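Enquirer: Have a look at this one before I ask anything.
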């Protein structure tokens with residue numbers, strides 16, 4: 001999509017030759033569409049959002065959206081992939097700040113379950129869609145497996161650098177971390193005061209180090 005800009009001559013006040021701005025790159029269009037989708041989904045929910053609304057928010061035609069994403073499901077899964085990458089980066093940063101396993105795991109859990117109510121609601125809405133639709137489920141399961149594998153890899157590297165006796169492997173710890181962090185985040189959605197900020201830390205300390213005073 002080329003944008004034509006007409007410039008006015010300051011001397012004569014007459015239009016100069018129209019200037020054609022360069023066509024946006026595919027990566028630029030994709031990034032803008034994803035940002036717009038995040039805003040539209042957060043405001044309207046997955047079911048209430050449309051690709052027309054996403055396109056309008058991004059400043060493109062609907063065709064520009066379809067040239068990057070084949071469906072609303074595909075667009076949401078791409079958005080979720082970006083969220084996964086962001087959270088894995090947060091997990092790595094959290095583990096780099098400490099060598100204490102319970103504290104490290106709690107920091108990881110806090111990063112994974114940051115109380116972003118709009119995202120948590122979107123995740124639950126799409127989760128419900130995935131468990132009911134086999135086609136959507138396949139893509140959703142692949143996304144969740146990718147998240148677990150990436151977090152487990154980070155946890156495994158931490159355990160290798162800080163040997164501790166836990167009886168847990170990185171994959172199992174990751175499943176527990178995700179289940180606890182998601183469950184507590186869901187519980188906090190309607191009643192934030194029901195989930196104290198240190199609850200996850202206390203649970204994980206007991207889980208991996210029951211002798212901890």
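Enquirer: Going by a ≥ b ≥ c, the root eigenvalues of the Cα gyration tensor, does region 135-213 fall in the rounded group (a/c under 1.5), the prolate group (a/b larger than b/c) or the oblate group? Could you put the intermediate results ahead of the total?
Expert: Numbers: a/c = 2.88, a/b = 1.07, b/c = 2.70.
Oblate, because a/c is 1.5 or more while a/b does not exceed b/c.
Enquirer: Which shape class applies to region 36-144: rounded if a/c is under 1.5, otherwise prolate when a/b exceeds b/c and oblate if not, where a ≥ b ≥ c are the square roots of the Cα gyration tensor eigenvalues? Present the calculation step by step, with values, prior to reporting the outcome.
Expert: Working: a/c = 2.38, a/b = 1.90, b/c = 1.25.
Prolate.
Enquirer: Restricting to Cα pairs below 8 Å that are 6+ residues apart, what does the relative contact order work out to for region 72-213? Please round to a whole percent. Intermediate values should be presented prior to the final figure.
Expert: Details: 105 pairs, mean separation 46.1, N = 142.
Normalised by residue count, the contact order of region 72-213 is 32 percent.
Enquirer: What is the order of 75, 105, fewest Cβ neighbours within 10 Å to most? If you can, show how the numbers build up before the last one.
Expert: Working: 75 24, 105 30.
With the fewest neighbours first, 75, 105 line up as 75, 105.
Enquirer: Between residue 50 and residue 90, what is the spin-label point distance in nm, taking each point 7 Å from the Cα along the Cα→C-beta axis?
Expert: 3.3 nm
Enquirer: Now for a different question. For 131, 33, which order do you get if you count the other beta carbons within 10 Å of each Cβ and list the fewest first? List each step's numbers first, then the result.
Expert: Details: 131 12, 33 26.
Taking fewest neighbouring Cβ atoms as first place, the list is 131, 33.
Coordinate-derived values only; no laboratory data. Model, not experiment: these values are computed from the prediction. Ideal geometry is used to build each Cβ from the backbone, glycine not excepted, and the neighbour counts take in all protein chains shown.
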